[in-house]
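What follows is a single structure, written as structure tokens, with notes after it.
The values are calculated or read from the model by the stated rules, or taken from the named source; none is laboratory data. If you're wondering where the values come from, they're calculated on a predicted model, not measured in any experiment. Because the Cβ atoms are built from the backbone with ideal geometry, glycine has one as well, and the counts that use them run over all protein chains shown.
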């Protein structure tokens with residue numbers, strides 16, 4: 001059973017700023033895709049470190065860039081770091 005995420009029209013009550021955006025980061029109709037956008041918007045409003053874990057090709061970089069674009073730091077450069085070759089000690 002898929003989680004019950006709100007429709008875009010009602011998401012602005014949950015995530016401030018959504019009412020000013022005419023499109024979602026990922027176009028899709030599934031509740032899961034809408035939930036990802038909702039989480040991205042929530043994270044972009046926070047000043048916390050975010051660690052994205054997923055399989056290769058799942059869209060981690062695009063998700064990180066979207067969080068950055070919506071954050072207060074959007075004027076700062078975005079730096080992607082590929083952690084695949086790093087040892088646990090370095091991380």
Quick one: is residue 64 modelled with pLDDT of 90 or more, buried (at least 17 other Cβ atoms within 10 Å of the Cβ) and under 15 Å from the mean Cα position of the chain (by Cα)? yes
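Only one of these is at pLDDT 85 or above and not in a helix (DSSP H, G or I): 54, 82. Name it. Don't jump to the end; show me each part of the working.
Working: 82 fails: at pLDDT 85 or above.
Going through 54, 82 in turn, the sole match is 54.
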Might you check whether a residue that is touching a helix residue (DSSP H, G or I) at 6+ places or on another chain (Cβ under 7 Å) and modelled with pLDDT of 85 or more occurs anywhere in segment 23-38? yes
